[in-house]
Amino acid sequence: MSSLSLKRVRELLQAAPKTRTLVVGDVMLDQFIWGRVTRISPEAPVPVVEFERESFMPGGAANVARNLTSLGGQAELFGAVGKDANAGHLSKLLEAQQVGCCGLLAVPAYFTATKTRIVAHQQQVVRVDRETRGELDARATAALLRRIDALLPQVDAVSVGDYGKGVVTQALIDALKERCRTQGKWLSLDPKPVHKLDLRGLSLITPNRKEAFELAGLSDSTRNPDPFADAQLMKVADKLLAELAPALLLITLGELGLLLCQRGAKPFHIPTVAQEVFDVSGAGDTVIATFTLAIAAGASPIEAAIFSNHAAGVVVGKVGTATVSPDELLASFGGHR
């Protein structure tokens, strides 16, 4: 099957509330300070941003979780936060979006990862990151796994978001692989290649093009608008399938859409359906969340890829880390509730 009918999209959305996914990884709080620039500072050659408003959104793995619940799925979030005000702020945002927070582990001397973006006239002026660098220690990882173990038998899938902040360690990945394999659970992962981990044997890996080349250890010197005519991209896909042996490899290609690859089958290319692109931040979160949700709801891999491609096409038309609603997704397929 190479298409997804409106009737089938409705069926998957109707099945979504029965799905339950554990989201594990680096959780963040995205803060946006909005303003306007009318002058340059007399103190230094920098713009003066006149404050107008601020907003907050869950980011990182927390954004994956809210993408699941925005389409009606159930999501439980597991990660590390600090014992600080931003942890409470993040929890309130997640609870308002029906994301379970029992897996948020408060770690002493740890900052809740917070990205503060100052935006003027729809353009980002600067970003300030507050975070704790370094891997989560063995004791905290063990505590996180105990919380995961309590819920794992009751879920359909696990989705891991690695943003290189330290929660996703080799010990955590190995434990999740062993548990998911033993219990027959789907295990998706959005990789961070700069963070060297053994990613063999997962259900799904969702790198973007740059990440795919980094994972394969190859340079990306040429590009072809036709993915099948892009010899380097095809070589990367073949190498990742052979070396990492995922059940599925989904490479996101920005304006060129998605490339779904699996061993023994020809890659399947899904062109983008985005009408306008305002902001690609968080699009990868939407892809892994909606693909995992569709699989849990009974979709085939190709159906799930088309489903997630439409979802990503919606969110890139919004500013900031965003989600897609059932109505917006149906509209992208030419339908409505």
Do you know which of the residues in the range 18-28 that are over 20 Å from I306 (Cα atoms) and more than 14 Å from the chain's Cα centre (by Cα) is surrounded by the fewest Cβ atoms within 10 Å (Cβ to Cβ)? K18
Selection status of V9, in contact (Cβ under 8 Å) with a residue 60 or more places away in the chain, in contact with a Phe, Trp or Tyr (Cβ under 6 Å, 6 or more places away or on another chain) and either part of a strand (DSSP E or B) or crowded, with 17+ Cβ neighbours inside 10 Å (or both): yes
Residues in the range 22-63 that are without any contact (Cβ under 8 Å) to a residue 40 or more places away in the chain and of a type outside the set (K, R): how many? 15
Being buried (at least 21 other Cβ atoms within 10 Å of the Cβ) and β-branched (V, I, T) is the filter here, so list the residues in the range 142-172 that pass it. V158, V160, V167, V168
Checking the conditions here, which among F51, F56 is of a type outside the set (V, I, T), within 25 Å of T112 (Cα to Cα) and surrounded by fewer than 13 Cβ atoms within 10 Å (Cβ to Cβ)? F51
Considering residues of the range 127-141 that are without any contact (Cβ under 8 Å) to a residue 24 or more places away in the chain and under 30 Å from T182 (Cβ atoms) only, the residue surrounded by the most Cβ atoms within 10 Å (Cβ to Cβ): D137
Picked from the range 12-24 (must be hydrophobic (A, V, I, L, M, F, W, C) and not in a helix (DSSP H, G or I)), the residue farthest from G73 (Cα to Cα) is V24
List every residue pair whose Cβ atoms sit under 8 Å apart, with the two residues 6 or more apart in sequence or on different chains, where the first one lies in the range 170-188 and is aromatic (F, W, Y) and at pLDDT below 95 and the second, anywhere, is part of a strand (DSSP E or B) and surrounded by fewer than 20 Cβ atoms within 10 Å (Cβ to Cβ). none
Name the strands (runs of 3 or more DSSP E) wholly inside the range 69-126 in which the number of residues that are in contact with a strand residue (DSSP E or B) (Cβ under 9 Å, 6 or more places away or on another chain) and crowded, with 22+ Cβ neighbours inside 10 Å is 3 or more. 74-81
List the number of the failed condition for E50; all other conditions in (1) acidic (D, E); (2) farther than 30 Å from C101 by Cβ; (3) out of contact with any strand residue (DSSP E or B) (no Cβ under 6 Å at 6 or more places or on another chain) hold. (3)
Confirm whether G317 is out of contact with any helix residue (DSSP H, G or I) (no Cβ under 8 Å at 6 or more places or on another chain), within 30 Å of D30 (Cα to Cα), crowded, with 16+ Cβ neighbours inside 10 Å and modelled with pLDDT under 90. yes
Near pairs, Cβ below 6 angstrom, 6+ apart or cross-chain, from the range 104-119 (over 12 Å from F56 (Cα atoms)) to any residue that is outside any strand (DSSP E or B) and among the small types (G, A, S): L105/A143; V107/A140; Y110/G82; F111/G82; T112/G82; T112/A87
Select, from L218, L250, L293, the only residue that is over 22 Å from L68 (Cβ atoms) and either in contact (Cβ under 8 Å) with a residue 12 or more places away in the chain or surrounded by 23 or more Cβ atoms within 10 Å (Cβ to Cβ) (or both). L218
Exactly one condition in (1) over 25 Å from L68 (Cβ atoms); (2) in contact with a Leu (Cβ under 7 Å, 6 or more places away or on another chain); (3) surrounded by fewer than 13 Cβ atoms within 10 Å (Cβ to Cβ) is not met by A231; state its number. (2)
Checking F268, F228 in turn, the sole residue that is of a type outside the set (V, I, T) and over 24 Å from A289 (Cβ atoms) turns out to be F228
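The values are calculated or read from the model by the stated rules, or taken from the named source; none is laboratory data. Fair warning: this is a prediction, and the values are worked out from it, not measured in the lab. Using ideal geometry, Cβ is built from the backbone for each residue, glycine included, and neighbour counts are taken over all protein chains shown.
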